[in-house]
């Protein structure tokens, strides 16, 4: 991502270099670029809790302020930032004691029967998908959100989650399979 300032194109990596040098304006620009995406990521990963998503957003950017030198410019900034956010979420799951093991496919049932709804609004489709993702657990939800919401490649998702690409592909396949079977009536509404 880039922005124009004094007729110069400045990348995220260049902004991080400026932040390391103490440029508060650069921090403001980087925050502006990523606050919405990171809030959404935390919101979806932490049980749709707005207050907690805001707390994690602030904590993430405080980490960036306190230790900007921890960013390695050899890596794409979004991949690094989402890796930090993902680790924060994993730490929260451990803190909560909510480590969910893989559930058997047959035990995953939607909380609400959506089969008889004649017209489905796009926002409702998204909510139904996330209701199912919440039941699948954070492993599947994180891969799905990073790939289909944030648009990262499978390789980038693997880097962020610190997993082999094959594991990411497997999680995405399983998630699409479950969503397809449980929410099959939405097939015309959902495009992966």
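This table checks each residue for (1) closer than 22 Å to residue 42 by Cβ; (2) at pLDDT 85 or above.
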| position | (1), (2) |
| --- | --- |
| 109 | no, no |
| 114 | no, no |
| 139 | yes, no |
| 150 | yes, yes |
| 165 | no, yes |
| 180 | no, no |
| 183 | no, no |
| 188 | no, no |
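Can you report the number of residues in region 123-168 which are in contact with a helix residue (DSSP H, G or I) (Cβ under 9 Å, 6 or more places away or on another chain) and not in a helix (DSSP H, G or I)?
6
Going residue by residue through region 73-86, is there one that turns out to be modelled with pLDDT under 90, in contact with a helix residue (DSSP H, G or I) (Cβ under 7 Å, 6 or more places away or on another chain) and not assigned by TED's automatic domain parsing to the domain that holds residue 137?
Yes, region 73-86 contains at least one residue that is modelled with pLDDT under 90, in contact with a helix residue (DSSP H, G or I) (Cβ under 7 Å, 6 or more places away or on another chain) and not assigned by TED's automatic domain parsing to the domain that holds residue 137.
Of (1) more than 20 Å from the chain's Cα centre (by Cα); (2) modelled with pLDDT of 60 or more, residue 93 satisfies all except one. Which?
Against the list (1) more than 20 Å from the chain's Cα centre (by Cα); (2) modelled with pLDDT of 60 or more, residue 93 comes up short only on (1).
When residues of region 18-48 are filtered for being free of Cβ contacts under 8 Å to residues at least 12 places away in the same chain, out of contact with any helix residue (DSSP H, G or I) (no Cβ under 6 Å at 6 or more places or on another chain) and surrounded by 13 or more Cβ atoms within 10 Å (Cβ to Cβ), how many remain?
1
The values are calculated or read from the model by the stated rules, or taken from the named source; none is laboratory data. Not measured: the values here are computed from a predicted model. Ideal geometry is used to build each Cβ from the backbone, glycine not excepted, and the neighbour counts take in all protein chains shown.
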